[in-house]
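Note sheet for the following structure.
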Amino acid sequence: MQNNNLYEYKEIRNNIWQIAEDSGVYCTLIKGNEMAILIDTGYGHRNLREFVEKNVSTPYMVINSHGHPDHIGGNHWFDTIYAVKEEWDVIDHFEEEPRNYELKEIQTGSQISLGNLHIDIISLAGHTKGSIGFWVREEGILVAGDALNENLWLFNYGALSMKQLYGTLNKTIHLDFDSYLCGHSDQEYKKEKMLTHIRNIENLKTDEETKQNTIGFETYCSSYEDVNGKSEIVFTISNLCSEEEGNCT
Ligand SMILES: [Zn+2]
C-alpha cells in the first residue's frame, strides 16, 4: 500500500491503481500515456479530485460503474461524470445531495483510448441493470465494479433477476481477459473465480438457514466454494425472477 496523505492505494499494475476509501470501498484509476480514467468515486468523504490531479498528468474522465451510493458519493468533487443511460435513474435514486456536476452518457460497446491502453465498456448487468465493466485489453484485466464481487448483492433498487445475472456471467467469462478487480477488494482475481458464481446459481440454496437481513432487506445468502474460490450471492425472492420471466418462487 502506498499513501500520499489523502488516500492509500495499491498498484495492481504500475498504471492501474486500487484506491482505498473507508470501509472496504475501492475506486480504480487507470493511467494511459494520453488519457486516464477514474472508475467510481466512493463515498467521497475526502477530496478525490485532489488525489487524482496529483497523480495524473493527462486529461482524465470519471465514470461510474453503477449507481450505488458507495460508488457515486464523490461525484460532487468533479465537473463531469459519465454513466450508461440505463443506470441514470439508479444514480437519481441513491444520490443524497442536489447534483452539482454534469451527468453524461457513455455507451456499452464503446471503446475509450487512453493512448497506449484501450478500454472496452461492457455490460455487466445483474447487480444493477446498468452495471458496466472496463476491459483493459492490453493488460488482460477487467475492472468489474460490484458486478462480480465475492459477496454479490442481487437486490435493492435497479437489481435484475438471477436468470439475467446468470446470462451476464456466462457471456462475460468468454471474453479474453485473465483476471478481474472488484469494487470492494484490492485483490486481483483469476477469471476462473467467476465460475464459482455460475456454479452457485446452478446449485442455488434458498432454505431457511440461508435467510438473513441485509441492510433492511429480507434476503437469502447462497454460498458455494470449490478450488476456484468462494461465492456468496445475496438476493431477495423478488430477484429470483423478473415479472416477464413468470413466477419462479
Ligand atoms: Zn453496488
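The values are calculated or read from the model by the stated rules, or taken from the named source; none is laboratory data. Note that this is a predicted model, so its numbers are computed, not measured. Here the Cβ is made from the backbone with ideal geometry for all residues, glycine too, and neighbour counts use every protein chain on show. Heavy atoms of the whole protein, side chains included, go into the accessibility calculation; ligands, DNA and RNA do not. Shrake-Rupley method; radii C 1.70, N 1.55, O 1.52, S 1.80 Å.
Scanning segment 3-13 for residues that are over 17 Å from the mean Cα position of the chain (by Cα) and either modelled with pLDDT of 95 or more or surrounded by 21 or more Cβ atoms within 10 Å (Cβ to Cβ) (or both) yields a total of 5. Across segment 43-67, the qualifying residues are those that are closer than 28 Å to Asn156 by Cβ and open to solvent by less than 20 Å² (accessible area, probe 1.4 Å), and the one among them that is nearest to the ligand (Cβ to nearest atom) is His66. Quick one: Gly133 ticks every box in (1) open to solvent by 20 Å² or more (accessible area, probe 1.4 Å); (2) assigned to a strand (DSSP E or B) bar one, so which box is it? In the conditions (1) open to solvent by 20 Å² or more (accessible area, probe 1.4 Å); (2) assigned to a strand (DSSP E or B), Gly133 misses (1) alone.
Scanning segment 92-113 for residues that are within 16 Å of the ligand (Cβ to nearest atom) and open to solvent by less than 70 Å² (accessible area, probe 1.4 Å) gives Phe94, Glu95. Filtered by the rule that a residue be more than 13 Å from the ligand (Cβ to nearest atom) and either open to solvent by 50 Å² or more (accessible area, probe 1.4 Å) or of a type in the set (D, E, K, R) (or both), segment 151-169 gives Lys163, Gln164, Tyr166. Of all residues in segment 14-31, those that are surrounded by fewer than 21 Cβ atoms within 10 Å (Cβ to Cβ) and more than 16 Å from Ala144 (Cβ to Cβ) total 5.
Would you check if Asp70 is more than 27 Å from Glu138 (Cβ to Cβ), open to solvent by less than 30 Å² (accessible area, probe 1.4 Å) and either acidic (Asp, Glu) or free of Cβ contacts under 8 Å to residues at least 24 places away in the same chain (or both)? Judged against the criteria, Asp70 is a match.
Pairs linking a residue in segment 157-182 that is among the hydroxyl-bearing types (Ser, Thr, Tyr) to a residue that is assigned to a helix (DSSP H, G or I) and open to solvent by 50 Å² or more (accessible area, probe 1.4 Å), with Cβ atoms under 7 Å and 6 or more positions apart or on different chains, are Tyr157/His93; Ser161/Glu245.
Among the residues of segment 116-174, those that are within 21 Å of Tyr60 (Cα to Cα) and of a type in the set (A, V, I, L, M, F, W, C) comprise Leu117, Ile119, Ile121, Ile122, Ile132, Phe134, Trp135, Val136, Ile141, Leu142, Val143, Ala144. Scanning segment 114-132 for residues that are over 11 Å from the mean Cα position of the chain (by Cα) and either within 13 Å of the ligand (Cβ to nearest atom) or in contact (Cβ under 8 Å) with a residue 60 or more places away in the chain (or both) turns up Leu114, Gly115, Asn116, Leu117, Ile119, Lys129. Listed here are the strands (runs of 3 or more DSSP E) enclosed by segment 159-230 that have at least 2 residues being at pLDDT 95 or above: 179-181, 217-226.
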